[in-house]
Amino acid sequence: MISCTQGLVMTLQLTVPSMACSACADTITQAVAAIDPTATVDADLKTKLVNIDTQQSEVAVKAAIASAGYPVS
Ligand SMILES: [Cu+2]
């Protein structure tokens, strides 16, 4: 259990159409971890959905993923 003293953890659900394999998912996971080391990333390759529990804003997370080469639709 993680106590939440620094901010509110939001669950974001993003669609990343260009995510094709587990290496893509790893890259996306690392891009999110770079801006929020406490984030948890759950990528589903079939649905192209990425669920992220993070204290970062949706805008910041989308920008981080996009700059890793995976535009968020
Ligand atoms: Cu890939």
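Every read-out reported here was derived from the displayed coordinates using simple, explicitly stated rules and does not represent laboratory data. In this text the structure is predicted, and so the values were computed from the model without any measurement. As a convention, Cβ positions derive from the backbone with ideal geometry for all residues, glycine included, and neighbour counts pool all protein chains shown.
How charged is the neighbourhood of LEU8? Take every other residue with its Cβ under 14 Å from the Cβ of LEU8, and add Lys/Arg as +1 and Asp/Glu as -1. Every neighbour counted, the sum reads -3. By the Stokes-Einstein formula, at 0.890 mPa s and 25 °C, the chain with its Kirkwood radius over alpha-carbon pairs has D equal to 203 µm²/s.
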